[in-house]
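Trainee: Below are the structure tokens for one structure; questions will follow.
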Amino acid sequence: MDRAQLADFLRTRREALQPQDVGLPRGSRRRTGGLRREEVAVLADISADYYGRIEQQRGPHPSEQMLASLARGLRLSTAERDHLFRLGGYAVPSRSRRGNHVEAGLLRIVDRLADIPAMVVGSTGETLLQTPPCVALLGDETAHQGLSRCVTHRWWTDPQASRRYPEEDRDGIGRAFTAELRAAHTRDGPDSLAAEVVADLELRSAEFRAVWAEHQVARPHSKHKRIVHPEVGIIEVFCQTLYDVDQDQGLLVFTATPGTESFDKLALLSVIGAQQLR
């Protein structure tokens, strides 16, 4: 770990960012050229005191998870994120294991979609980031741990995963998830996260084994989706996906046709968030 270079790198990246770059108000009395330390701490979901000690070359050795949070908070590019890991004394993750880092360009887009259901997903179906309206629509999909971070793993092992969709839609959705997993498994190889997910599902789910044996590789998801929300019922949405080919990540944006009941339901969820309706 190079404390001096790590502190200097974090400081220069913090000072290079403006509040509007990360979706924060600038304010008329602001004197700081870039972001404040407290703002970076909020963006990275860590304490301001802890972040301050890193910039002051004090405190404990940051963990890989801490550095990953800082990379996201500071909107670092992949190259900058890898540099941060090296300064922290860690090996750079391989491409197939790098999916937790959301590229700065996607983050800037998500910052401007704060009132729209949107999410960033990794190549193996991990939800990396959600806007608050997306959490209200689908639940917090970033909270899962281990192999359950992969949506296909949850689909075949957790009965709650499929309840967000009408029963008559579930077979097609499960097959589409499985086809995507096969594509990731083929692309990333036997040492990948996708391979771990497949191996575990083959042990745990007879239904998965049956679908996997069909070897479907080209079953795309429908852009028109019906989502069952526990409070407001079925919401019909259109899902548009923007792919970052270099990172193997996708930005999913959910919209509804103006003037429809589903449009009104989405608008309501954007206002109330994830709280229960009464």
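Trainee: Output the number of residues of the range 38-59 satisfying the condition of being out of contact with any Leu (no Cβ under 9 Å at 6 or more places or on another chain) and either crowded, with 18+ Cβ neighbours inside 10 Å or in contact (Cβ under 8 Å) with a residue 60 or more places away in the chain (or both).
Mentor: Adding up the residues that qualify gives 1.
Trainee: For the range 116-141, which positions are at pLDDT below 90 and of a type in the set (Ser, Thr, Tyr)?
Mentor: SER123, THR124
Trainee: Continuing with the same structure: Going by what's in this entry, would LEU113 be described as modelled with pLDDT of 85 or more and in the same structural domain as VAL151 (by TED's automatic domain parsing)?
Mentor: Yes, satisfied.
Yes/no matrix, rows are residues, columns are (1) farther than 22 Å from LEU76 by Cβ; (2) charged (D, E, K, R); (3) within 13 Å of the chain's Cα centre (by Cα):
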site: GLU126; (1), (2), (3): no, yes, yes
site: THR131; (1), (2), (3): no, no, yes
site: LEU137; (1), (2), (3): yes, no, no
site: THR142; (1), (2), (3): no, no, yes
site: THR157; (1), (2), (3): yes, no, no
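Trainee: Tell me yes or no: at least one residue of the range 202-217 is under 22 Å from the mean Cα position of the chain (by Cα) and at pLDDT 85 or above.
Mentor: There is no residue in the range 202-217 that is under 22 Å from the mean Cα position of the chain (by Cα) and at pLDDT 85 or above.
Trainee: Please tell me if ALA143 is of a type in the set (A, V, I, L, M, F, W, C), surrounded by fewer than 21 Cβ atoms within 10 Å (Cβ to Cβ) and without any contact (Cβ under 8 Å) to a residue 60 or more places away in the chain.
Mentor: It is true that ALA143 is of a type in the set (A, V, I, L, M, F, W, C), surrounded by fewer than 21 Cβ atoms within 10 Å (Cβ to Cβ) and without any contact (Cβ under 8 Å) to a residue 60 or more places away in the chain.
Trainee: Can you confirm whether ALA114 is out of contact with any helix residue (DSSP H, G or I) (no Cβ under 6 Å at 6 or more places or on another chain), within 30 Å of ILE234 (Cα to Cα), in contact (Cβ under 8 Å) with a residue 40 or more places away in the chain and in a loop (DSSP other than H, G, I, E, B)? Give the derivation first.
Mentor: Details: out of contact with any helix residue (DSSP H, G or I) (no Cβ under 6 Å at 6 or more places or on another chain): yes; within 30 Å of ILE234 (Cα to Cα): yes; in contact (Cβ under 8 Å) with a residue 40 or more places away in the chain: yes; in a loop (DSSP other than H, G, I, E, B): yes.
Criteria met by ALA114.
Trainee: Filter the range 77-110 for residues that are basic (Lys, Arg) and modelled with pLDDT of 80 or more; which is surrounded by the most Cβ atoms within 10 Å (Cβ to Cβ)? Reasoning before the result, please.
Mentor: Kept after step one, since they are basic (Lys, Arg), are these residues of the range 77-110: 81, 86, 95, 97-98, 108.
Subset that is modelled with pLDDT of 80 or more: 81, 86, 108.
Working: ARG81: 23, ARG86: 14, ARG108: 13.
For the range 77-110, the residue satisfying everything is ARG81.
The values are calculated or read from the model by the stated rules, or taken from the named source; none is laboratory data. Since we're looking at a predicted model, the values are computed, not measured. Counting neighbours? That spans all protein chains shown, and the Cβs are built from the backbone with ideal geometry, glycine included.
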